[in-house]
Every structure is written in C-alpha cells, then in structure tokens.
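Contents: one structure, followed by commentary.
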Amino acid sequence: MTQAVPGKAVPVPTPETQPFWDGCAAGELRIQRCTDCGRPYFYPRQVCPHCGSAKIEWFTASGDATLYSYAINHRPAPGFGDAPYAIAVVQLAEGPRMMTNIVGVPNTPEALRLDMPLRVRFESAAT
Ligand SMILES: [Zn+2]
C-alpha cells in the first residue's frame, strides 16, 4: 500500500530508471540482473557492473532486506522530510545494496539495529 507524503521531494525518472519507478508505483521493488553472469545489481544501468555484458533484464525483488548501515540526519535539505530521520543503506536479500529511508520504527540508534530484518514499503508523493 502506498501513502501520500506531502512536501517531500519527488524523484525525476530517467530512461534508465523508469522501470524502477514504474515498479515502485505498482508496489514492486524492481531491480536488474545480468543474463550472462546471473548477478543482480542496483542502481539501474544498461551494462552489467560485474562482467560488462549488455544482456540485462528487470525482475521483481522479494522486498526483503537487512539494515547494513545508516546515519541519522538532523538537518535535512528542503523537500527531504522532517528530521531527524535515518539515511540508510540496506542489503537486499538478492545481494545488491541500496540507499533508502527506514519507516515503521523510531529512527534512533536504540531502535535501528544493524542486520535487523526489513521489508520494502512504498510511499507516493502527493501531486
Ligand atoms: Zn554480468
């Protein structure tokens, strides 16, 4: 389920990232994988960062991840929400890491434990 978040910055898709954002709008975490070496990766690119192959495909990731690292931002730039909030790096179950926010738990050192299990959740910007 998505929910509107008024006042937050809205990403601008590029041709390379459009399938990712389309997946987000559909409630799916879509990432790419190389059909030559089989390894998934993120962020979106037209060439595999592992072997250089241009034979790539999009697939829907499980949405499961663990918390790899984070920093708590107390002074956000305009359009980035109410502080404090965590700027996190999560390790997807499929292998790639991605930056994200953590929602559903207090963004405090006491509540954010490294390696804690996470599940993707999407927010939509109010338009
Ligand atoms: Zn590859």
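The values are calculated or read from the model by the stated rules, or taken from the named source; none is laboratory data. Worth saying up front: this structure is predicted, and the values here are computed from it rather than measured. Because the Cβ atoms are built from the backbone with ideal geometry, glycine has one as well, and the counts that use them run over all protein chains shown. Ligands, DNA and RNA are excluded from the accessible area calculation, which covers all protein heavy atoms including side chains. Shrake-Rupley method; radii C 1.70, N 1.55, O 1.52, S 1.80 Å.
Rolling a 1.4 Å probe over the protein heavy atoms leaves Lys55 with an accessible area of roughly 120 Å². Evaluating 6.51 cos²θ - 1.76 cosθ + 1.60 at θ = phi - 60° for every residue in segment 92-100, the Karplus couplings come out as 5, 4, 7, x, x, 10, 9, 7, 6 Hz, glycine and proline recorded as x. Each residue of segment 22-36 is assigned a 3J(HN,Hα), and the resulting list reads 4, x, 4, 5, 8, x, 10, 8, 9, 10, 9, 9, 8, 8, 8 Hz, derived from the Karplus form 6.51 cos²θ - 1.76 cosθ + 1.60 (θ = phi - 60°), x at Gly and Pro.
Per-residue ellipticity at 222 nm, computed for the chain from helices alone with -39500 (n - 2.57) per DSSP H run of at least four residues, works out to -1500 deg cm²/dmol.
Ordered by solvent-accessible area of protein heavy atoms (1.4 Å probe), largest first, the residues Ser53, Ser69 come out as Ser69, Ser53.
Take the Cα of Ala54, step 7 Å toward its Cβ, do the same at Glu28, and the gap between the two points is 2.5 nm.
Label-to-label distance for Ala9 and His74 is 2.1 nm, based on points extended 7 Å past Cα in the beta-carbon direction. Within the chain, Cys24 have no other Cys Cβ under 4.7 Å of their Cβ and so lack a disulfide-compatible partner by this rule. Considering only the other residues whose Cβ falls under 13 Å of the Cβ of Cys51, what net charge follows from Lys and Arg at +1 and Asp and Glu at -1? Neighbour charge sum, excluding Cys51 itself: +3.
Directionally averaged projected area (the chain, Cα convex hull): 8.1 nm². What is the sum of charges, Lys and Arg at +1 and Asp and Glu at -1, for the other residues whose Cβ falls under 13 Å from the Cβ of Arg30? That works out to -4. Counting only protein heavy atoms and a 1.4 Å probe, the chain has 62 square angstrom of accessible area per residue.
Within the assembled protein chains, the solvent-accessible surface assigned to Glu110 is about 150 Å², based on a 1.4 Å probe.
Under the criterion of Cα pairs below 8 Å and six or more residues apart, the relative contact order for segment 31-127 equals 24 percent.
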